[in-house]
Structures are given as C-alpha cells and as structure tokens.
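Since the structure comes first, as structure tokens, the remarks are kept for the end.
Every number in this text was worked out from the coordinates using simple rules, so none of it is lab data. Here the structure is a predicted model, which means the values were calculated and not measured. Cβ placement follows ideal geometry from the backbone for every residue including glycine, while neighbour counts extend to all protein chains displayed.
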Amino acid sequence: MSGLGRVFLAGHRGMVGQALARHLSHHEVEVITRPRMLVDLRDARAVRHLLIRERPDTVILAAARVGGIGANAADPVGFLCDNLAIAQSVIPAALEAGVERLLNLGSSCIYPRACAQPIAEEALLTGRLEPTNEGYALAKIAAIRLCEAINRQHGTDYRTVMPCNLYGPGDCFDPERAHVLPAMIRRFAGAEREAPVTIWGSGTPRREFLHVDDMAAASLFVMALPRPVWEGVTAPDRRFLNVGAGEDLSILEPARLVARATGHRGEIRTDPTRPDGTPRKLLDTRRLHSLGWRPRISLREGIAATLNWYRRHGDTRRLERLG
C-alpha cells in the first residue's frame, strides 16, 4: 500500500471515510484531510487550490450527501446538485494537480430499477432508475463517466468501486431518514422489549449488506491492483467493480437479526404505505472475487458490533454530511 504515497481523503468524517482512515493508518501513507469548515468540497475553486498546494499522489473520493429513501424523496434537488458539485470539484481538480491515481466511491443505486439479478457491471445505463433516489444515482453515474472520460483523454488511472448497502460504526441512525439497517437498529434498541416495532415498506424487497470495514478493505485492495490487472477485468467505458457480500435477504430477515441482537421480543410489523424502493439489488461480485478479495464480517457479527457502537455513541453525525 506504500505505492499510494500521499493520499487526499475526501469525506474523512463520513462513515466510509472514517473506515478508510482507520485502514490507511495501518499502512505507511500520509493522509491529507480537511474539515468542511476549511474546504467545502462543493467549492471547485477551494478544492483546486488545496490539491495544487498539497500535490497528493492519490485521491480517494468518499465524500457524498447520503440518506435513505425518505431523505432522497424529500430533497431530490439537493441530493443531485450537492453530489454533482462534489464530483465536479474533486475529480477535475485532481487532474489539474497532476494526480494520476484516484478512487471514486459509487453506489449500487446507479443500476436500473428492473434488471437481471445479480446485477453485473454491464447493466449500467440499460434502463430506468429507481425514482426514489434518482437524483443521487444520476450524480454518481456522472462521476463514473467523468473518471472514465479523464482516463481516455489523459491516460490517468481513475477507478471506481460500486458498493451495496453499507452499515457500521459512524452511520446515521435517524429512523426517518437513515438507511434501512441503522434505522432498524435505532428503532429496536429504543423500543420496549415486548412492544411492536414497525419497519418501512412491505418487508419483501431484498437487499445486500456489507460492513463498512469490509468496504474499506475492498477499496484499498482495488487501489493496490497493478494497472494491467485492473484493466484486464474492466473495460474502457466501465472502469469500475461491484463490491458486495454476495448474498441478499428480504428486509424482514435483517429486522429479525436486529431484534435478536437487541433482545426485542415484540411483533415486527410492516408499513406498506411507506415506499419499498427497488425490489431487489444483488450485485454480481464475481470479477472482484476472482481477484482474491472476499468480505470477512458476517451480517450477524456486523449488526452486533454496530449495535454496540450505537449504544456507546448514539447518533453522533448528521445524516447528510458532505465531508
């Protein structure tokens, strides 16, 4: 990992950024970060000045405005504009600063709502997006295409990883706005032991969950791949790889795991008046797995660890953090 040199980590205070910082601390690399009060990653001029001044060898773009179905549906304009602004600030600034290696973190929501399962990388742009997070998805697709265009035009090595649903320490646990798993953890942890707990939607959609520390490990694994190996498993118009656990569950199944971890014994109810989102999102991770990477943290183990973190820290971060 020493080949990364000096690393600018954009989004170091978010859940994924914190995990990446933890993993980078075990390697001989210098990590450059800036709090939002000093550098707003939506401000192209500020980011450009920072990168030209610091001249990092590598950029990891983990910053994003993120949230669950409710948050995305409530402010699609904000999710689209903020995430576009981050990509348009950081990625071209890296090019201008002479950065030849960049890792961009995408999201499985870039794929069409209705496509063959498991979802292969080739499914990108083959159908309509899920309406409840279309703004966020469009911004992430634009970031992928921007990286690919820069690679073709300038010979850089800008890579993207596409994770499934992530969870873990540092997540947002707001039950109305968070992603599904942390929202469940907060609901069950705060409920009376015998009281009913209601989860959003019908309970039938299927989701794939990956612990954020596994995601950080996968990201650094991808960055360490020799360029010929990377280019051998990707295509010029598809310089990205899916990252996932390799299996999915109906939403009710992790709800039962969370209930068991918290000691909750009451009824688990569904609320079909709330949106389900995409019916199924299982990523095809055969390309990444063929290179030797596999997740290590089981969902049961990860839920227990995340619950313990939540009980110690509570909800210490805003949902829509930008960096």
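Listing for the model above:
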read-out: Tail fraction, Cα-Cα pairs, the chain, threshold 24 Å, whole percent; value: 52
read-out: Charge dipole (debye, nearest 20) of region 178-323; +1 at Cβ of Lys and Arg, -1 at Cβ of Asp and Glu; value: 200
read-out: Kirkwood-type radius of region 50-121, with distances r between different C-alpha atoms, in Å; value: 14.3
read-out: Along principal axes, Cα extents of region 106-186, largest first, whole Å; value: 47, 29, 22
read-out: Trypsin sites (Lys or Arg not before Pro) within region 138-212, DSSP loop, no more than 14 other Cβ atoms inside 10 Å; value: R193
read-out: Nearest-ten-degree value, helix 134-154 long axis tilted from longest Cα axis of the chain; value: 20
read-out: Assigned charges on the beta-carbon of Lys, Arg, Asp, Glu; the chain dipole about Cα centre (debye); value: 300
read-out: Label-point gap, in nm, between H49 and A114 - each point 7 angstrom along Cα→Cβ; value: 5.0
read-out: Packing-based exposure ordering (other Cβ within 10 Å, fewest first) of T204, T156; value: T204, T156
read-out: For region 180-265, Kirkwood radius (reciprocal of mean inverse C-alpha pair distance, Å); value: 15.6
read-out: Alpha carbon centroid spacing (whole Å) that separates region 133-160 from region 246-301; value: 28
read-out: Gyration tensor (Cα) of region 2-117, equivalent ellipsoid semi-axes in angstrom; value: 26, 17, 14
read-out: Those GluC sites (Glu not before Pro) in region 161-243 that DSSP places in a loop and that have at most 10 other beta carbons within 10 Å; value: E192, E194
read-out: Between helix 252-262 and the chain: long-axis angle, C-alpha atoms, 0 to 90°, nearest 10; value: 80
read-out: Dipole of the chain, positive end: most advanced residue of A245, G203, L41 [Cβ charges, Cα centre]; value: L41
read-out: Size of region 246-301 as Cα extents on the principal axes (Å, biggest first); value: 43, 27, 10
read-out: G68 long-range amide H proximity, modeled H, under 5 Å; value: A178, H179
read-out: Computed helical MRE - 222 nm, the chain, DSSP H runs ≥ 4 contributing -39500 (n - 2.57), nearest 500; value: -12500 deg cm²/dmol
read-out: Cα long-axis angle, helix 212-224 against the chain (0 to 90 degrees, to the nearest 10); value: 20
read-out: Normalised contact order of region 55-114, rounded percent, pairs of Cα under 8 Å and 6 or more residues apart; value: 57
read-out: Point-charge dipole on Cβ atoms (K/R +1, D/E -1) for region 151-191, about Cα centre, debye to 20; value: 80
read-out: Rel. contact order, % - alpha carbon contacts under 8 angstrom, at least six apart, the chain; value: 23
